[in-house]
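The values are calculated or read from the model by the stated rules, or taken from the named source; none is laboratory data. Just so you know, these numbers come straight off a predicted model, no measurement behind them. Glycine also receives a Cβ, built like all others from the backbone with ideal geometry; neighbour counts cover every protein chain displayed. The area values use the complete protein model at the heavy-atom level, side chains included, leaving out ligands, DNA and RNA. Shrake-Rupley method; radii C 1.70, N 1.55, O 1.52, S 1.80 Å.
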Amino acid sequence: MISLQGAGWGGGSLVYANVFARPAASTLDDRWPDELRREELDPYFDLAGTMLDVTPVKADPTTGDVPARTVVFEDLTEQMGIRPATTRPNLAVRFDSSEAWTYNQHGVSQRGCTFTGECVLGCNRSAKNSLDHNYLAVAERNGATAVIGSEVKRIDWDGSRWTVWAAEGPDPGEPLVRRTATRVFLAAGAVSTTELLLRSRDVDKTLPNLSPALGHGFSGNGDYLALSNLRHSAPDLTTGPTITTTTVLDVWERSRPVWLQVQDGAVPQAVSMMLNRLLPFRTVRAAWRRFRPRGPKQTFAFLSMGHDAGSGRLELDGSGEARLRWVNRWQSRLYRAEGRVGPAVARIIRAPVRAVATWSLFRLPVTVHPLGGVPTSSDPAKGVVGPDRQVHGYPGLYVMDGSVIPASTGANPSATIMASTERAIEGIIRETTGDRSWRAPEWASVSKLPIPEDAAYNWMLQRRQGTAGDGVTIDETMHERGSDASSTGELRVRLEIPSLDRFRDDPEHRLSVAGTLTISGFSGPYRVTGQLRMFPEGANELMRYDLEFTDPAGQDWTAVGSKRQQGLGPLARYRGLTKIDLTIRRADGSEAEFRRTFVLHPWDVVRNGASIRGSGFTFHRRRRAFQVFSRFFLSAVLRPRPKRRPQRRR
Ligand SMILES: Cc1cc2nc3c(=O)[nH]c(=O)nc-3n(C[C@H](O)[C@H](O)[C@H](O)COP(=O)(O)OP(=O)(O)OC[C@H]3O[C@@H](n4cnc5c(N)ncnc54)[C@H](O)[C@@H]3O)c2cc1C
Ligand code: SF4
């Protein structure tokens with residue numbers, strides 16, 4: 001894998017594409033501890049976003065409109081019928097139409113963005129809110145000293161003090177510069193921090209007790225880069241900040257949906273030349289130049305990211321530099337899904353969209369979002385650092401960068417790195433000062449920031465549940481016992497399971513109910529909605545209905561009842577499943593309740609069984625959903641129910 005990262009006073013932020021995005025909570029797996037989940041981190045995202053002064057793309061002062069690329073992407077997803085999945089993410093860019101230099105909230109002078117689309121080269125106008133314009137400026141104003149052009153080579157620990165050895169100056173033969181400290185915070189990025197620690201453990205042997213977990217859990221954040229060379233020059237798709245939109249996708253791949261995000265990317269001329277040079281051999285480069293369409297007018301990028309397995313392992317090569325063990329096969333579903341986006345888009349824009357040459361030719365992925373390598377766990381055998389980010393066995397040594405992120409974020413990760421670092425540093429300051437209520441002074445100006453990506457995440461989640469999730473629907477009709485032609489009491493409802501996976505995982509096996517209820521002696525039918533628990537685990541009842549309806553006078557009612565086992569054996573189970581006693585009462589409990597019994601006649605059983613339908617995109621998936629539900633239902637019917645405990649006499 002090729003990993004790109006920024007080097008300088010500001011790290012990756014100097015050359016990043018400014019996107020400040022939070023991960024989709026519903027896609028984070030159990031590798032994410034509570035303290036790194038959205039509920040806990042959201043306030044710290046707000047803090048970091050306020051520090052960076054983030055906002056979605058604004059109008060280009062020269063045109064009075066958002067960049068053409070933004071509109072092209074939004075139109076694309078409109079044509080694909082997924083427009084709500086596209087959003088304009090928060091960007092750490094200063095949008096200000098004036099030419100004048102003005103001070104930002106941290107007292108650093110900046111100018112407004114001129115939409116040159118060169119953010120990934122570093123912004124020559126100082127319009128990018130890179131870290132040197134905010135966090136690092138605040139640190140320097142408060143006494144921090146920056147040393148640039150300094151490469152840390154070694155870290156020593158004598159049991160009470162830390163010594164950091166760095167190469168400085170142009171001559172590689174110069175002796176290393178030595179600095180000592182009582183605390184050291186490593187923030188060299190996922191690859192370099194892991195490399196430094198591996199060297200300290202295995203080559204210099206200065207930190208021999210570092211955890212065996214070091215180097216594990218590396219992720220490329222599922223990055224996948226595709227490019228399109230457009231043969232026309234209008235509209236100009238290279239203007240505007242590098243990224244202006246994010247589209248959330250849920251691509252069906254080998255019987256499971258794959259979740260990913262795609263962003264539009266302006267590619268400066270110099271970067272397309274650099275990507276070309278990534279090809280290692282001169283002859284291959286020459287072949288690639290022949291293969292490329294001649295004289296492309298503009299290059300346009302599709303930057304995808306998602307959840308890879310995060311199973312990479314960083315180790316050292318013979319010269320003590322980081323080398324990655326990575327198996328593409330383990331992320332094949334993700335890469336295939338990402339690879340499908342290009343052809344789908346190409347059909348609409350009528351221009352080829354190709355993966356970068358390193359992937360097409362060598363299956364070498366490129367990541368701009370390296371993560372992991374320094375696992376976190378309270379157990380030193382499983383983690384290099386503890387939840388407080390302190391290295392196990394080495395007091396005063398902390399890690400504060402992408403290397404401690406437990407898995408792919410599936411979104412641009414710098415916001416997660418910042419928010420989690422804000423939280424961790426707050427904990428460390430509280431711990432060391434003994435002031436349990438310490439908070440960063442900047443909290444005073446923090447307010448809740450808009451999170452544009454959440455709307456897209458939620459829309460796609462609902463879409464998956466509503467359409468892509470394999471589910472089933474069943475039409476159920478029951479008749480009121482004793483009702484005759486003059487009093488046709490009837491419960492006629494549709495039972496819906498939007499996602500069988502969630503239904504089976506839920507111990508109560510809940511599904512939604514909607515339909516009509518007619519009660520003898522009442523007017524009606526009434527529209528009922530509610531919930532049915534089907535074979536809830538550990539309960540005596542077979543099914544429980546919780547329904548509600550409103551009568552024409554506006555009075556709310558509830559109708560609650562259970563189907564229970566009526567004795568032992570399959571016949572008793574059948575009898576139990578075909579009868580329900582509904583207790584009907586006013587929702588405010590103001591009047592006495594009354595009961596009605598509803599039964600399934602044998603022909604109702606047949607009709608209800610025949611109404612079971614699988615829901616899914618394809619016939620294959622609908623059939624599979626039907627089979628999965630039928631298996632669940634039959635095994636629940638045939639499984640012996642737990643015997644009721646006899647009531648003890650007092
Ligand atoms: C082209 C590009 C576009 C990107 N776009 C986005 C985006 O839009 N949104 C987003 O969220 N993320 C983006 N990223 C990723 C983002 O930049 C990184 O996730 C983030 O910067 C990682 O932060 P970090 O603290 O882990 O390390 P880094 O930001 O990489 O910082 C590491 C620092 O340590 C220094 N360093 C490394 N080794 C040593 C050493 N031995 N001695 C001394 N110093 C050392 C480096 O010079 C650097 O300053 C992009 C990255 C690239 C390359
Ligand atoms: S678009 Fe140009 S001016 Fe605006 S932030 Fe990016 S590089 Fe700077």
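If you check Ala357 against the conditions, is it open to solvent by 30 Å² or more (accessible area, probe 1.4 Å) and modelled with pLDDT under 90? It is false that Ala357 is open to solvent by 30 Å² or more (accessible area, probe 1.4 Å) and modelled with pLDDT under 90. Note on segment 182-202: among residues that are more than 14 Å from ligand 1 (Cβ to nearest atom) and either without any contact (Cβ under 8 Å) to a residue 24 or more places away in the chain or assigned to a loop (DSSP other than H, G, I, E, B) (or both), the one that is nearest to Ile425 (Cα to Cα) is Arg183.
The number of residues in segment 8-19 that are touching a Ser or Thr at 6+ places or on another chain (Cβ under 9 Å), within 6 Å of ligand 1 (Cβ to nearest atom) and in a loop (DSSP other than H, G, I, E, B) comes to 4. Looking only at segment 310-332, residues that are part of a loop (DSSP other than H, G, I, E, B) and out of contact with any Gly (no Cβ under 9 Å at 6 or more places or on another chain) come to 5 in all. With respect to (1) more than 16 Å from ligand 1 (Cβ to nearest atom); (2) under 21 Å from the mean Cα position of the chain (by Cα); (3) at pLDDT 95 or above, the lone exception for Gln462 is condition (3).
Out of Ser130, Ser160, Ser109, one residue alone is within 16 Å of ligand 2 (Cβ to nearest atom) and without any contact (Cβ under 8 Å) to a residue 40 or more places away in the chain. It is Ser109.
Yes/no matrix, rows are residues, columns are (1) modelled with pLDDT of 95 or more; (2) away from ligand 1 (no atom under 12 Å from the Cβ); (3) surrounded by fewer than 14 Cβ atoms within 10 Å (Cβ to Cβ):
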{"site": "Val108", "(1), (2), (3)": "yes, yes, no"}
{"site": "Asp132", "(1), (2), (3)": "yes, no, no"}
{"site": "Gly143", "(1), (2), (3)": "yes, yes, yes"}
{"site": "Val164", "(1), (2), (3)": "yes, no, no"}
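Being modelled with pLDDT of 90 or more, open to solvent by 20 Å² or more (accessible area, probe 1.4 Å) and not aliphatic (A, V, I, L, M) is the filter here, so list the residues in segment 497-524 that pass it. Within segment 497-524, Pro507, Glu508, Arg510, Ser512, Thr516, Thr518 meet the criteria.
Any residue at all in segment 81-94 that is surrounded by fewer than 19 Cβ atoms within 10 Å (Cβ to Cβ) and touching a helix residue (DSSP H, G or I) at 6+ places or on another chain (Cβ under 6 Å)? Looking through segment 81-94, at least one residue is surrounded by fewer than 19 Cβ atoms within 10 Å (Cβ to Cβ) and touching a helix residue (DSSP H, G or I) at 6+ places or on another chain (Cβ under 6 Å). When Arg69, Arg31, Arg22 are screened for being within 16 Å of ligand 1 (Cβ to nearest atom) and either open to solvent by 40 Å² or more (accessible area, probe 1.4 Å) or assigned to a helix (DSSP H, G or I) (or both), only Arg69 passes. Answer yes or no: is there a residue in segment 138-148 that is part of a strand (DSSP E or B) and touching a Leu at 6+ places or on another chain (Cβ under 8 Å). Checked against the condition, which is being part of a strand (DSSP E or B) and touching a Leu at 6+ places or on another chain (Cβ under 8 Å), segment 138-148 yields no hits at all. State whether the residues of segment 399-418 include one that is assigned to a strand (DSSP E or B) and at pLDDT 95 or above. Yes, that holds for at least one residue.
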